[in-house]
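I have placed the structure first, in the form of structure tokens, so that the comments after it can refer back to it.
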Amino acid sequence: MRRFTADPVARADVREMVRLATLSANAGNAQPWRFVAVDDPALLAAMRAAVEERLDEVARWPEAEGSGAAPNASAVRKATTLFADAPLTIAVFGLPYESRIDRLLTLRGVSREERDRLRARPDLQSVGAAVQVLLVAAHLLGYGACWMCAPVLAAHRLEVLLGAEEPAHLAALVAVGVAAGPPAG
């Protein structure tokens, strides 16, 4: 869902969505996530500005010129910032996860890149599972939702705006609201 009415999302519904998301399957039951619900229009506007500023920077990269991948088209900007038009955006943060086997691989001298390949990033898999349950919970409560990773391009700025503390890192934004019509086909 990418279009929402201005109707607010009830706080009780936000709590229930997040509660259900925290029941997701996750590596070692570590629950390596944090959720920040944002419904303040001024903060959503600041988040949009941070993402747009980052898109402008990327569009100026020499590699972007003539690549066909430059993020300066209005459609790209709209798709990357639609979270700011939703009455609620839930920022999903991931936390590091390290199992005993991860520690053993580290002691063995296995690089981070190779550990990530061997272990398939259980931290990100856990966050992904939680986001999926969050989406289903939103739907069950009568809302539309959109899982967004593109705004993470501006993760550092968004983390500052949202008061994230190390070692949390922004993994996704989920726009939530009452659907303004059927999903676009």
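The values are calculated or read from the model by the stated rules, or taken from the named source; none is laboratory data. Predicted model only: the values in this text are computed from it and were never measured. A quick note on method: Cβ atoms are made from the backbone with ideal geometry, for glycine too, and the neighbour counts reach across all protein chains shown. Note: areas computed on protein heavy atoms with side chains; ligands, DNA, RNA excluded. Shrake-Rupley method; radii C 1.70, N 1.55, O 1.52, S 1.80 Å.
Of all residues in segment 94-124, those being touching a residue at least 24 places away in the same chain (Cβ under 8 Å), outside any loop (DSSP other than H, G, I, E, B) and of a type in the set (A, V, I, L, M, F, W, C) number 1. The residues of segment 1-44 that are of a type in the set (D, E, K, R) and farther than 23 Å from residue 81 by Cβ, listed by number, are 11, 13, 15, 16, 19. For residue 76, state whether it is open to solvent by 40 Å² or more (accessible area, probe 1.4 Å), among the β-branched types (Val, Ile, Thr) and closer than 30 Å to residue 21 by Cβ. In short, yes. I'm trying to understand the selection: among the residues of segment 134-178, which are under 10 Å from the mean Cα position of the chain (by Cα) and assigned to a helix (DSSP H, G or I)? Within segment 134-178, 150, 151, 152, 155 qualify.
Yes/no per residue for (1) at pLDDT 90 or above; (2) closer than 20 Å to residue 156 by Cβ:
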site: 7; (1), (2): yes, no
site: 16; (1), (2): yes, no
site: 22; (1), (2): yes, no
site: 26; (1), (2): yes, no
site: 44; (1), (2): yes, yes
site: 51; (1), (2): yes, yes
site: 73; (1), (2): no, no
site: 80; (1), (2): yes, yes
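Is segment 79-87 home to any residue that is without any contact (Cβ under 8 Å) to a residue 12 or more places away in the chain and open to solvent by 40 Å² or more (accessible area, probe 1.4 Å)? No, segment 79-87 contains no residue that is without any contact (Cβ under 8 Å) to a residue 12 or more places away in the chain and open to solvent by 40 Å² or more (accessible area, probe 1.4 Å).
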